[in-house]
């Protein structure tokens with residue numbers, strides 16, 4: 001043991017505690033507001049309770065004379081205000097406690113007033129401005145969820161996500177959702193998901209409760225933490241008319257946990273319906289174009305000059321049909337490829353996720369619709385080719401018609417283009433005839449259209 005000169009007079013523990021007690025007498029009485037961590041009535045009739053704000057704890061005692069006036073003791077986790085008359089020192093066990101003569105629950109009106117004061121500060125700092133809120137991705141690769149372990153809110157959110165978009169990948173981070181320790185735990189849970197790979201949106205969910213129960217979700221520390229995250233947050237603090245402050249700083253807010261999925265993932269059923277509708281529109285457009293083309297071919301087939309003009313265009317018509325088929329395929333395939341790409345990314349680790357109606361079914365239906373559409377277009381192209389072949393089969397040479405051309409090769413379409421003595425070339429089946437016009441006889445029965 002090291003020995004050294006003692007410059008001051010040594011004191012006993014009792015003397016030290018007497019000095020501490022003397023100093024604490026100057027503190028006097030007051031009112032403390034905190035959460036009840038422990039509360040019980042002893043056989044003596046006295047009531048002992050521990051109050052905490054999450055960072056410090058103070059022990060209190062209500063002597064029997066005052067405790068007899070308390071009809072119902074406060075519950076653990078309840079926020080209370082306790083009036084104390086003095087700070088008492090217990091030298092034997094080295095503790096300090098408050099002598100409490102009255103206790104009551106913190107009033108709802110007072111709590112709501114504090115919530116509004118906090119919201120006013122958040123608004124003044126611009127944290128509720130829609131322009132600063134992060135956008136929610138259309139197809140998030142992974143959805144984060146902060147909620148209470150085993151809570152109804154957790155079950156509601158998970159069910160809604162998988163019903164709405166089965167391939168959804170979910171990462172859950174559990175936290176307390178009530179009491180003085182809830183705020184730091186909620187902040188830690190949000191921070192863990194914010195750095196989690198592939199998590200592109202976070203749902204913060206809890207079921208209903210009293211104003212006091214939901215007080216952590218209006219806490220200024222939690223709201224500022226949400227605003228500082230690099231990942232958009234969707235809050236869903238349900239079953240209450242008084243919206244918590246976190247709803248005002250989040251990217252979106254749902255009325256109840258079951259509806260949070262509507263803000264986070266698309267509807268597979270709606271996507272399926274849109275694809276079917278687009279395929280039907282394209283099919284109707286393609287068939288309309290084919291019917292129009294067939295009608296034009298039929299009209300042209302009845303006129304010799306029209307047949308002659310139609311034959312050189314056969315190749316162009318067929319090429320146009322191929323281009324139309326390709327355009328239809330591209331129009332239908334592009335959304336399918338985008339959705340398939342999203343599904344491939346989202347479904348990397350889906351072995352443990354039920355997939356009774358996953359995006360695979362959507363892709364399969366899209367594939368069937370596209371295949372059917374292509375088949376119908378091919379049938380239309382076949383019909384078009386058949387009509388053109390019919391025109392070829394009814395060639396003007398076979399039907400006894402002749403073409404009259406000028407020496408320059410230009411086709412003569414009217415007697416007005418000819419004069420007596422003018423040389424012409426007559427094209428018949430089997431060869432060409434060189435001839436000279438002797439006289440032009442106008443057709444008196446023909447009238448201009």
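A few remarks follow.
- Distance (nanometres) between label positions extended 7 Å along Cα→Cβ at residue 419 and residue 14: 15.0 nm
- Applying 1/(1 + (r/R0)^6) with r as the Cβ-Cβ distance of residue 401 and residue 280 and R0 = 56 angstrom yields a FRET efficiency of 0.80.
- Label-point gap, in nm, between residue 114 and residue 129 - each point 7 angstrom along Cα→Cβ: 2.9 nm
- Backbone N within region 165-200 under 18 Å of label point (7 Å from residue 269 Cα along the Cβ vector): 165-168
- In Å, descending, principal axis extents of the Cα set of region 135-174: 28, 20, 15
- For region 13-105, the spread of Cα positions along the three principal axes, ordered from largest to smallest, is 40, 30, 21 Å.
- Taking a quarter of the surface of the Cα convex hull of region 54-116 gives a mean projected area of 5.9 nm².
- Scattering curve values for region 151-274, log₁₀ I(q)/I(0), Debye with Cα scatterers, q = 0.17, 0.23 Å⁻¹: -0.82, -1.48
Every number here is computed from the coordinates shown, using simple stated rules; none is lab data. Just so you know, these numbers come straight off a predicted model, no measurement behind them. In this analysis, Cβ positions are derived from the backbone assuming ideal geometry, glycine residues included, and neighbour counts consider all displayed protein chains.
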